[in-house]
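Following: one structure in C-alpha cells, then a few remarks.
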Amino acid sequence: MKMLIEDVDFYYFKDLLNAGKRYCEAGKHKDSIPLFTRAIERGWEGAEIYYCRGLAYSRTNKKKLAIADYDKAIEIDPSYLDAYFEKASCLRRFRKFEDAIVEFSTVIKIDKDYGEAYFWRAFCYFRLSRFKEAIADFTIALNILRGKGYDARIFAYRGYSYIELGEWEKGIENLDKAISVGKENNYFVISDFKMRALAYEKLGNKEKAEEDFKTVKIIENRKDNYELYKLYPELLLHNRFSMNHI
C-alpha cells in the first residue's frame with residue numbers, strides 16, 4: 001500500500017510526541033521540551049502537543065511559558081479539561097489566586113466531580129481570606145476525594161478556616177481529624193497543633209492548649225519530623241498562628 005506524505009508526517013509527529021512523553025515520565029522534563037518544540041515548528045498544531053510542552057515548562061519552573069502553551073491548547077480545544085486545570089495550578093503557584101479561581105471554576109463547570117479542582121479552588125479562597133467559600137469547597141472536595149490521600153489536609157485547612165472565622169469548636173473538630181490521619185501515616189504538621197492550641201485557648205481550655213504547645217516543642221526539636229509533609233510539600237505555608245486572633 002502506498003503511504004501518503006501526510007501519513008509520514010503524522011507518524012513523525014507522533015514519534016516526537018511519544019518520545020517527549022517518555023522523557024517526562026522519566027522526570028526529564030527539560031529534555032522533552034526540544035522534541036515538543038520541533039514538532040510544533042514543523043507544523044503540528046494539535047492541542048495535546050501544546051499541553052505536553054506546557055507541562056514540561058511548568059515542571060522546569062517556566063510558568064509563563066507553560067501558561068502560554070496551556071492557552072494555546074485551550075484555543076485549539078476549548079474542552080481540554082486538563083489544560084484548564086494545569087493553567088489554574090500555574091496561576092496558583094504564581095500566587096495569582098483570583099485568576100486561578102476563575103480557571104478552577106471552568107474545570108468544575110465542565111466536570112462537577114473534579115475533586116482536585118474543588119480542593120485547590122478552596123485553597124485559593126483560603127489564601128484570599130475568603131474562608132466561608134473555602135469551607136464550602138473543602139467540604140465538596142472531601143465528599144469526592146475521601147480516602148484518596150487528601151483527607152488530612154482538607155480537614156486541616158477547613159479547620160484553619162473555621163478558626164479564622166472564630167468558630168473554635170468546629171476548628172478543633174476538623175484539626176482533631178487532620179492530626180489523627182497524620183498520626184496514622186507517621187507525619188505531623190506543626191501548624192495543626194498550633195492552630196488547635198489557639199482554639200483551645202480561646203475556649204478557655206488551658207490544659208488542652210498547653211498539651212498542644214508541648215507537642216509543638218517536641219516536633220520542633222525533632223528534625224526528622226519538623227514540618228514533615230508527605231503529601232503536599234508546596235502547601236507548607238502555615239507554620240504560624242492566625243494573626244487575626246492573637
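The values are calculated or read from the model by the stated rules, or taken from the named source; none is laboratory data. Being a predicted model, the structure only gives us computed values, none of them experimental. Here the Cβ is made from the backbone with ideal geometry for all residues, glycine too, and neighbour counts use every protein chain on show.
For A73, state whether it is under 26 Å from K30 (Cα atoms), in contact with a Gly (Cβ under 7 Å, 6 or more places away or on another chain) and surrounded by 24 or more Cβ atoms within 10 Å (Cβ to Cβ). Spelling it out, A73 is indeed under 26 Å from K30 (Cα atoms), in contact with a Gly (Cβ under 7 Å, 6 or more places away or on another chain) and surrounded by 24 or more Cβ atoms within 10 Å (Cβ to Cβ). Considering only region 199-217, state which residues are part of a helix (DSSP H, G or I), under 18 Å from G159 (Cα atoms) and at pLDDT 95 or above. Those that are part of a helix (DSSP H, G or I), under 18 Å from G159 (Cα atoms) and at pLDDT 95 or above: A199, Y200, E201, K202, K208, A209. Only one of the listed residues (I40, I49) is outside any loop (DSSP other than H, G, I, E, B), at pLDDT 80 or above, crowded, with 21+ Cβ neighbours inside 10 Å and of a type in the set (V, I, T). That residue is I49.
In region 118-125, the condition of being closer than 19 Å to E173 by Cα, charged (D, E, K, R) and crowded, with 17+ Cβ neighbours inside 10 Å is met by no residue. Taking every residue in region 86-99 that is within 14 Å of F126 (Cα to Cα) and in contact (Cβ under 8 Å) with a residue 24 or more places away in the chain and pairing it with any residue that is aliphatic (A, V, I, L, M) and crowded, with 18+ Cβ neighbours inside 10 Å, at least 6 positions away or on another chain, the pairs with Cβ-Cβ distances below 8 Å are R92/A100; F97/L91. Among residues that are buried (at least 16 other Cβ atoms within 10 Å of the Cβ), under 20 Å from the mean Cα position of the chain (by Cα) and not in a helix (DSSP H, G or I), F188 is included. Within 23 Å of L203 (Cα to Cα) and either of a type in the set (V, I, T) or without any contact (Cβ under 8 Å) to a residue 60 or more places away in the chain (or both) - does that describe any residue in region 112-119? For region 112-119, residues within 23 Å of L203 (Cα to Cα) and either of a type in the set (V, I, T) or without any contact (Cβ under 8 Å) to a residue 60 or more places away in the chain (or both): absent. Taken over region 55-66, the residue count meeting the criterion of being in a helix (DSSP H, G or I) and either at positive phi or among the hydroxyl-bearing types (S, T, Y) (or both) is 2.
Which members of region 155-185 meet the condition of being surrounded by fewer than 21 Cβ atoms within 10 Å (Cβ to Cβ), under 22 Å from the mean Cα position of the chain (by Cα) and among the hydrophobic types (A, V, I, L, M, F, W, C)? Passing the criteria: only V181.
Evaluated against (1) part of a loop (DSSP other than H, G, I, E, B); (2) more than 30 Å from K202 (Cβ to Cβ); (3) over 14 Å from the mean Cα position of the chain (by Cα), G149 falls short on exactly one condition, (3).
Condition first: free of Cβ contacts under 8 Å to residues at least 24 places away in the same chain and buried (at least 22 other Cβ atoms within 10 Å of the Cβ). Now tell me which residues in region 126-141 satisfy that. Those that are free of Cβ contacts under 8 Å to residues at least 24 places away in the same chain and buried (at least 22 other Cβ atoms within 10 Å of the Cβ): D137, F138. Filtering region 14-37 to residues that are assigned to a helix (DSSP H, G or I) and at positive phi leaves nothing. Considering only residues in region 38-68 that are farther than 16 Å from R22 by Cα and small (G, A, S), the one that is farthest from the chain's Cα centre (by Cα) turns out to be G43.
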